[in-house]
Amino acid sequence: MHPLLDDDLARLPELLEETRARAVRLLAGLGHRPVAQVPAHHRPAPLPVDGSGLAGALETFTRRWEPGFSGGAGPRYLGFVTGGATPASLAGDWLTGTLDQNPTSGLDSNAPDLERETVAWLRELFGLSPEHEGAFVSGATMSNFTGLAIAREWLGEQLGVSVAERGAAALGPVHVLSGSPHSSIGKALSMLGLGRSAIREVDRLPGREAVDVGSLAQALESLDGTPAIVVANAGTVNTVDFDDLRALAALRERYPFWLHVDAAFGAFAALSPEHAHLTDGLDAADSVCVDLHKWLNVPYDSAIQFTRRRDLQARVFQNSAAYLGPLGDDPDFVHLTPENSRRLRALPAWFTLAAYGRDGHAEIVRRDIALAARLGERIAAMPAYRLLAPVRLNVVCFTLASSPERVGELTSAITESGEAFLTQTVYDGVPALRAAFSNWRTTEADVERVAKTLERSALQDPPGRS
Ligand SMILES: Cc1ncc(COP(=O)(O)O)c(C=O)c1O
């Protein structure tokens, strides 16, 4: 064995203890370190030839890299839609690396059964019926990709061809209809060989991001019986709007289409009794995307993909090889998602669900929703700002009342303050800011700090004052 490896092995308990102590210090300081930093780009160091052992690597990381990292796991990081890591999910993540299982096949351990149990728990959490089978992927983009790959195979089935065998060209032009598709839908269609231009954006309800069901019916009618894919949205990124999923599902009695629902974070509305109605009809979908590194608060990377047509899924993703084991009636995960080997991604989700249960996670969701509403009220009362949409769930979308074009400067000022991190967007043609609440640590005191930062930042930005 290399002497450095030999030495690290001999000192492993002590070295891991030191790593643990640093992790604990980092977590204790999460609420105090700058929430985000304007990145100071590092030039890459040369490849270490001799290496410095774990202690040396830890020292170099702590000195060179860690200070420039964001407080992304912390309570006032409201950019994108970003969850943190609950204590149990973090412990589960540590054990994921420790045990280093590859749950791809069921030939050597019961790790895949742990994934199946976690899938069943999540299915129940989101109110889906057992007809929905699920698999873990790295994020909502891959979940959308997988769902749309199954949809593509379904289109082939309608025409009597297997796209998995013959390729996407066998389908001819494909129609993907959606009101406000997330950018990952275009990316998935590009990867699937269907092309971004397959998306046809359908009219939305006035002043909303939700699709106009009447317009969708007309668009389907115009296809004259050609099977299509409809991508419904359960929680849009800017205003967290929800399509009327029941009404969309009902259209399948009149038109042939695959219903995919991007519920990346909106699915968690099912945990709040006051908002659960927004997810009515989710179960009727043919495929559903839900991200877990967002509102479940497990570390990156983790998402789940549900579908009612596992047979088509296995047709697309099967990876038959004598050494990987047979496909069988209940295919191993290797035959169900884009990856072959991967980490035991379910373990952090399993830990957090085992530790806090449905009620614990419902509390996080309801608190975040209440905090978003509170920040919305605070912003509505500030003359410098204007809300661009009602706060429907966990995102506040707003702009500078008199100078929306200066939102970029405002965003930088907020980032530089170290107090909060919000991301920019454009909503209905207006440059805007989004504050997205999905972290388990966030409290009312954090909302107050964010509100104060917004007040101060607006004052430093004269054109933004009204
Ligand atoms: C509605 C929706 N779909 C898909 C995605 C893509 O998620 P990921 O970054 O995990 O791939 C996001 C990310 O914010 C999202 O909000």
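The values are calculated or read from the model by the stated rules, or taken from the named source; none is laboratory data. Keep in mind it's a predicted model, so treat the numbers as computed, not measured. We place every Cβ from the backbone using ideal geometry, glycine too, and count neighbours over all the protein chains shown. The area values use the complete protein model at the heavy-atom level, side chains included, leaving out ligands, DNA and RNA. Shrake-Rupley method; radii C 1.70, N 1.55, O 1.52, S 1.80 Å.
Structure summary
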{"read-out": "Matching entry among Leu90, Leu95 (being under 20 Å from the mean Cα position of the chain (by Cα), more than 16 Å from the ligand (Cβ to nearest atom) and either open to solvent by 20 Å² or more (accessible area, probe 1.4 Å) or farther than 17 Å from His293 by Cα (or both))", "value": "Leu90"}
{"read-out": "Filter pass, Asn102 being under 25 Å from Val316 (Cα atoms) and open to solvent by 10 Å² or more (accessible area, probe 1.4 Å)", "value": "yes"}
{"read-out": "In the range 421-462, the residues that are within 24 Å of Asp368 (Cα to Cα), assigned to a strand (DSSP E or B), open to solvent by 10 Å² or more (accessible area, probe 1.4 Å) and of a type outside the set (Lys, Arg)", "value": "Phe421, Thr423, Gln424, Thr425, Val426, Tyr427"}
{"read-out": "Some residue of the range 282-296 being away from the ligand (no atom under 16 Å from the Cβ), within 26 Å of Ala247 (Cα to Cα) and among the acidic types (Asp, Glu)", "value": "yes"}
{"read-out": "Count of the range 388-410 residues which are within 19 Å of Gly79 (Cβ to Cβ) and surrounded by fewer than 19 Cβ atoms within 10 Å (Cβ to Cβ)", "value": "3"}
{"read-out": "Which numbered condition Ala250 fails, given (1) free of Cβ contacts under 8 Å to residues at least 24 places away in the same chain; (2) assigned to a loop (DSSP other than H, G, I, E, B)", "value": "(2)"}
{"read-out": "Conditions (1) more than 16 Å from the ligand (Cβ to nearest atom); (2) under 27 Å from the mean Cα position of the chain (by Cα); (3) of a type outside the set (S, T, N, Q): number failed by Phe145", "value": "(1)"}
{"read-out": "Count of the range 120-131 residues which are away from the ligand (no atom under 16 Å from the Cβ) and crowded, with 22+ Cβ neighbours inside 10 Å", "value": "1"}
{"read-out": "Flag for Pro256 being over 19 Å from the mean Cα position of the chain (by Cα), at pLDDT below 95 and either more than 12 Å from the ligand (Cβ to nearest atom) or more than 12 Å from Ala232 (Cβ to Cβ) (or both)", "value": "no"}
{"read-out": "Evaluation of Lys187 against (1) away from the ligand (no atom under 16 Å from the Cβ); (2) among the basic types (Lys, Arg); (3) closer than 14 Å to Pro338 by Cβ (one fails), failing number", "value": "(1)"}
{"read-out": "Scope the range 225-253; condition touching a Phe, Trp or Tyr at 6+ places or on another chain (Cβ under 9 Å), within 12 Å of the ligand (Cβ to nearest atom) and not aliphatic (A, V, I, L, M); matching residues", "value": "Asn233, Gly235, Thr236, Asn238, Thr239"}
{"read-out": "Residue count, the range 297-342 (criterion: in a loop (DSSP other than H, G, I, E, B), farther than 19 Å from Gly156 by Cα and away from the ligand (no atom under 16 Å from the Cβ))", "value": "13"}
{"read-out": "Residue list for the range 132-163, restricted to those being over 28 Å from Ser341 (Cβ atoms) and open to solvent by 50 Å² or more (accessible area, probe 1.4 Å)", "value": "Glu157, Gln158, Leu159, Gly160"}
{"read-out": "Yes/no for Pro181 being away from the ligand (no atom under 16 Å from the Cβ), outside any helix (DSSP H, G or I) and either farther than 21 Å from Thr307 by Cα or under 26 Å from the mean Cα position of the chain (by Cα) (or both)", "value": "no"}
{"read-out": "Identity of the residue in the range 189-242, surrounded by 14 or more Cβ atoms within 10 Å (Cβ to Cβ) and among the hydroxyl-bearing types (Ser, Thr, Tyr), that ends up nearest to Ala372 (Cα to Cα)", "value": "Thr239"}
{"read-out": "Phe80 being more than 19 Å from Ser287 (Cα to Cα), open to solvent by 40 Å² or more (accessible area, probe 1.4 Å) and within 16 Å of the chain's Cα centre (by Cα)", "value": "yes"}
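Conditions (1) surrounded by 24 or more Cβ atoms within 10 Å (Cβ to Cβ); (2) under 16 Å from Tyr356 (Cβ atoms); (3) touching a residue at least 12 places away in the same chain (Cβ under 8 Å); (4) among the β-branched types (Val, Ile, Thr), marked per residue:
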residue	(1), (2), (3), (4)
Ala269	yes, no, yes, no
Ser272	no, yes, yes, no
Ala276	no, no, yes, no
Asp283	no, no, yes, no
Val288	yes, no, yes, yes
His293	yes, no, yes, no
Val298	yes, yes, yes, yes
Asp301	no, no, yes, no
Arg309	no, no, yes, no
